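Beneath this line is the structure, given in structure tokens, with notes to follow.
All of the numbers you see were taken from the coordinates with simple rules; none came from a lab. These figures come from a predicted structure and were not determined experimentally. Virtual Cβ from ideal backbone geometry, glycine too; neighbours counted across all protein chains shown.
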């Protein structure tokens, strides 16, 4: 929210510079994104010391998206009164040729009677609880220089005196307004209704739009003339030829405006305020302000009375604020006088209660719905720096930590120890990005996606992770190791947790002892095996048909006969779709954490002391069929060897000269050790012979 300092000081006598205000308000929850000096020839009345403060207003505080709203907060922070919006500078004399508003239609303006030439009907009170309208005779032209300067400093382009007045009231009070040309409203009517099927409207930006069925529109007797709370229509806009206008000041249902704005792809200053929740009590005051500005700027005169249609009255909420809750949450008692001073200056009404106060919440504060919200308001303006540093008293033992959190911390340690960095990506992705990881019928679509890039819930953690790899590669980062722990979603499986990792570049950096080595399939396989091992589950690899991975460099991860993940090199088509370069392959792995933990349930990870006795190694080379997997061979070795076999590694694989076609030479290193004695050569040799015999029997292996 851009706030012109000179404009602000008309409402509150705030001491100090713009920097002082920025520091003070940052302690009240309003960060200042920047301060822009405004030259004297632009700021007008503000002079050389004028500036624009760009406040960061959170989405739950639409009441602060205005000069008055920020002035109210600043007045409480500095302990000074808030003044009503006064007369704008340099008010001109009344223009000739315009009728006196005090005697329109033979009766005083503002008294009972109809607004001259307009009838207002609300057909959808659930979507428009309140609509205020007024008619004015105008003389179109440019707005005063002071108004144009203020609008420009606030980031709004001046257009004409009437349009500028609506924008000025919007910035000052936070209430969006609109002006219609009365002569262009059929039947002299304003009807607030839902859009008809197939109804279209040419909006002020010149585009003809088909209105969604749930959209609320402002219509005349024949057609829609505006999208309620979003944008006006081109067929009823005020022009240089306009002589009579209808001012609109209304309150629209926030959800309705948000949906319509989203469906039409229109985001305006008005929609930003309405969809966050405007103040239903503000439209009459904003209308009165606009009518004052019309007269004081010489732009026109009101005609007839102001019409206020309020069929669905919104009552302010009443909350209870207890002294004990206030002191318990903040760690110290707050004096009653400070509680009353802060809340009343913020617009709350306080009544006495046995244990505290009954607090009536102003309708502009839709964010205050609970007692704790009231406590936060007191704490903000009492001063967080004045609260003592204490720990709250615990009435019960804290609940145990969710085991999933503990598991995630453990896996983060494992993966960061392997040189990976954690990434956090969106839970949404595009249909195109999700397609390689799940069938289209299994995807979970988003009802109201932010864009096509977020059309479905991700069926895998990998699409976002691959995008993060591509982002780093585009910034000349060649070696990238990333992992993410998060949820994935499918229709068949629902929501399941997964851990995924991606690796591209080198497996080992350059060193004087040797050149760098590019990452390969076995590097990423070792990483996922380490992750599974940390959970206490041993996995084997099996042939995979996963289309997101390259054929010949992909494998399923199997544990106790259950597929728990996949590992391999990213398919080139998927890499190209994410904008990854062709020169370096990307290796990825993904593990179903829920499945892994289900397998690990009940298992105990035992810790053994460091060995006291030496180990003995034997190297073994065998010829086997090249269609046989290494996992099958290792399984046979472990099943046939005695308990003294503590480790088995494959350290060589050879095909070529001297090896028959269809065969491969595998070299295995067997490590034996006993926990209670030193093994003899005879024991080790006997164990090795048992392994060779089992390999010959099960796989037809030939020892070399």
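Numbers for the structure displayed
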| item | result |
| --- | --- |
| Relative contact order for the chain, counting Cα pairs under 8 Å that sit 6 or more residues apart, in percent | 9 percent |
| Where a label projected 7 Å from the Cα of residue 479 along Cα→Cβ would reach, residues of region 405-445 with amide N under 18 Å | 415-422 |
| FRET efficiency, residue 126 to residue 376 (Cβ-Cβ, R0 30 Å, nearest 0.05) | 0.45 |
| Segment residue 492-residue 323, extension gain: residue separation times 0.36 nm, minus the distance between their alpha carbons | 55.7 nm |
| Share antiparallel - DSSP beta bridges, the chain, percent rounded to 5 | 95 percent |
| Spin-label model distance (nm) - residue 358 vs residue 677, 7 Å beyond Cα toward Cβ | 9.0 nm |
| Relative contact order (percent, whole number), region 332-386, Cα cutoff 8 Å, 6+ residue spacing | 30 percent |
| Fewest-first sequence of 453, 665 by Cβ atoms within 10 Å of each Cβ | 453, 665 |
| Compactness of region 403-600 as Cα Rg over 2.2 N^0.38 Å, two decimals | 0.99 |
| Cα pair distances exceeding 38 angstrom across the chain, given as percent | 58 percent |
| Stretch gain in nm, segment residue 545-residue 20, where the contour uses 0.36 nm per residue and the Cα spacing is subtracted | 182.6 nm |
| Radius ratio Rg over Rh of region 580-704, counting only Cα atoms, Kirkwood formula for Rh | 1.07 |
| Longest to shortest principal axis, alpha-carbon extents of region 332-386, angstrom | 30, 25, 19 |
| Rounded to 10°, Cα long-axis angle of helix 254-264 versus longest principal axis of the chain | 70 degrees |
| Contour excess over end-to-end distance, with Cα ends at residue 214 and residue 313 and 0.36 nm allotted per residue | 33.4 nm |
| Region 551-704, relative contact order in percent, only Cα pairs under 8 angstrom and at least six apart counted | 23 percent |
| Efficiency of FRET from Cβ geometry, residue 296 and residue 421, R₀ 56 Å, rounded to 0.05 | 0.35 |
| Cα-based helix-to-principal-axis angle, 403-417 vs the chain, degrees rounded to 10 | 70 degrees |
| Residue 607 versus residue 690: modelled label distance in nm, points set 7 Å from Cα along the beta carbon direction | 3.1 nm |
| Rounded, prolate or oblate (a/c below 1.5 giving rounded, otherwise prolate when a/b exceeds b/c) for region 487-587 by Cα gyration tensor | oblate |
| Segments 679-689, 66-76 sorted - mean Cβ within 10 Å per residue, highest first | 66-76, 679-689 |
| Where Rh is the Kirkwood radius over Cα pairs, Rg/Rh for region 101-309 | 0.94 |
| Region 178-271: equivalent-ellipsoid semi-axes (sqrt of 5 x gyration tensor eigenvalues, Cα, Å) | 20, 14, 13 |
| D (Stokes-Einstein, µm²/s), Kirkwood Cα radius, region 211-330, 0.692 mPa s at 37 °C | 191 µm²/s |
| Cα long-axis angle, helix 630-640 against the chain (0 to 90 degrees, to the nearest 10) | 50 degrees |
